[in-house]
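Computed from the coordinates by the stated procedures, all read-outs in this text should not be read as laboratory data. All values derive from a computational prediction rather than experimental measurement. Because the Cβ atoms are built from the backbone with ideal geometry, glycine has one as well, and the counts that use them run over all protein chains shown.
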């Protein structure tokens with residue numbers, strides 16, 4: 001039996017029909033119609049038992065949603081599984097509805113994700129759907145509602161759904177031309193292959209060598225591994241690149257599509273630099289919901305994923321002035337270069353160039369609109385300015 005909305009037996013749920021059944025019982029008793037009395041008692045008994053059963057069915061219903069991956073790129077798929085448990089002796093019938101927004105598209109093409117099942121005592125039901133990520137962002141998936149009722153499905157009741165999950169969809173990776181940033185190298189080889197190391201940037205841990213200084217011992221890691229571990233540092237020559245995005249003009253121009261395209265290029269550039277062994281950082285004056293607006297240049301196993309997550313959480317809303325953000329949060333490091341993204345060349349870009357020049361930070365400016373209609377008098381960016389299409393594959 002299916003418990004579908006719009007197909008409930010009206011004779012059991014409409015109060016008027018219940019009153020009619022009571023009247024039939026009264027008339028049958030009055031005229032001593034035994035068969036009609038039994039029929040009326042049967043109908044009223046089914047109504048009463050079903051209503052009590054339905055009210056009791058919503059108790060001790062557990063719901064738990066899981067996904068096989070919480071971080072992915074647009075176009076990739078994940079599996080959403082919902083487990084419902086009936087932790088009581090009373091059997092129930094249930095209908096589960098999963099909640100997904102238009103950014104997570106079911107691979108089956110269904111508009112709604114629903115599943116129905118009957119559960120006996122202390123039994124579990126599993127529901128599974130394949131979802132495809134359509135665009136970047138933090139998307140909520142999980143259980144919207146669970147409707148439980150008696151086995152007849154006459155009187156359904158809403159039961160509390162499980163805890164929702166949040167899936168992080170990174171910006172799409174797009175093909176780019178190799179981008180060269182200005183570097184101020186100090187030594188020759190990257191990583192721990194060079195004898196001169198930078199104690200600020202920790203690469204990881206490894207087994208302690210007895211000829212190494214004792215100050216490099218990582219005591220917490222040694223306690224976990226039950227043997228001496230030492231810190232592995234990055235070399236001081238390592239190129240450090242800061243990726244900066246100014247959201248101000250995107251907000252003013254309401255350039256949503258250009259903003260998404262910029263984030264795709266930034267994500268792809270971060271992956272490219274990470275593959276080259278660069279220490280990559282990120283800064284923005286936009287609103288990053290639950291994330292960081294300033295990620296100092298570094299190289300560790302979580303650096304790239306943290307940067308991509310910040311891009312996924314970044315909203316096209318300005319939090320504060322970019323120069324104010326850089327002045328109060330950025331700690332310039334030796335050898336650091338910058339790739340600055342903005343919508344167009346304007347007064348804010350000139351102010352940013354002046355800020356970088358005072359701190360002797362080499363910078364390359366990337367703009368979406370390389371021919372702005374609004375010209376700023378007395379302001380000319382003297383540094384390197386390239387259009388966004390100039391660093392994509394096929395650009396000049």
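Here are some notes:
- Listed by Cβ neighbour count within 10 Å, with the fewest neighbours leading, 138, 61 appear as 138, 61.
- Bridge orientation summary for segment 240-391: considering DSSP beta bridges with both residues in this region, about 20 percent are antiparallel.
- Neighbour-count order for 338, 379, 368, fewest beta carbons within 10 angstrom listed first: 379, 368, 338
- Residues 59, 337, sorted so that the one with the fewest Cβ neighbours within 10 Å comes first: 59, 337
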